[in-house]
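Okay, so here's the structure we're looking at.
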Amino acid sequence: GVRHEPTNKIVLDLERLYDEASEDLAYVARYARAIQQQRGDYNGRVLSIRADDLRALAIVYDSSPSGLIERLTEHGVLVADPRALFAS
Ligand code: C2E
Ligand code: C2E
Ligand code: C2E
């Protein structure tokens, strides 16, 4: 069957991220657009990002990676299980 092992992958919900006009997430949104461009990955509803890039972004927010994760969670732009989005 399909494996469903838990992962710590950072997956952004792009619809929510880009809709959320919040000033607070402006840099995350800009970063996500840049990554989409670099990958040529334009059609996804979600975007998996590198742990390294989360670390870099955390510095921009004068925070820690876990602090930024918390902030993203508060804004509801983090996807816990991307497969769940496509289920049903
Ligand atoms: P690159 O870092 O030399 O990676 C070349 C290709 O290796 C990528 O092409 C991708 O197919 C694969 N690759 C590298 N790392 C990973 C990974 O952790 N997971 C997966 N699934 N594949 C990986 P791609 O996606 O077309 O990206 C082209 C170039 O764009 C990359 O060259 C890199 O310079 C940049 N890039 C793309 N996505 C990111 C990102 O999330 N963060 C950063 N910093 N650069 C990125
Ligand atoms: P997953 O990582 O749990 O991702 C589930 C689905 O979320 C993916 O289904 C895809 O529709 C979406 N998704 C996740 N990250 C991205 C992203 O950065 N860009 C876009 N456009 N969509 C994303 P999909 O493509 O059918 O993949 C199913 C599973 O296959 C993935 O589950 C993962 O376990 C594996 N997989 C697919 N592509 C890669 C890859 O480049 N690297 C690795 N290691 N696994 C991959
Ligand atoms: P993933 O593809 O499942 O990769 C999981 C981890 O394996 C990555 O975590 C990274 O540590 C390592 N890895 C996979 N492929 C490569 C590679 O070509 N070169 C190196 N040096 N390491 C690799 P990381 O970096 O935190 O990335 C998390 C997820 O973000 C990846 O999961 C993938 O879905 C996405 N991603 C990261 N970089 C790229 C990229 O350049 N292109 C694409 N298309 N997706 C990427």
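If only residues of the stretch 35-64 that are free of Cβ contacts under 8 Å to residues at least 24 places away in the same chain, open to solvent by 50 Å² or more (accessible area, probe 1.4 Å) and in a helix (DSSP H, G or I) are counted, the one that is farthest from ligand 1 (Cβ to nearest atom) is Ile59.
Within the stretch 23-31, can one find any residue that is part of a loop (DSSP other than H, G, I, E, B), at pLDDT below 95 and out of contact with any Asp or Glu (no Cβ under 6 Å at 6 or more places or on another chain)? Among the residues of the stretch 23-31, not one is part of a loop (DSSP other than H, G, I, E, B), at pLDDT below 95 and out of contact with any Asp or Glu (no Cβ under 6 Å at 6 or more places or on another chain), which makes the answer no.
The values are calculated or read from the model by the stated rules, or taken from the named source; none is laboratory data. Everything quoted here is computed from the prediction, not taken from an experiment. No Cβ is skipped: glycine too gets one built from the backbone with ideal geometry, and neighbour counts run over all protein chains shown. With ligands, DNA and RNA removed, areas are computed over all heavy atoms of the protein, side chains included. Shrake-Rupley method; radii C 1.70, N 1.55, O 1.52, S 1.80 Å.
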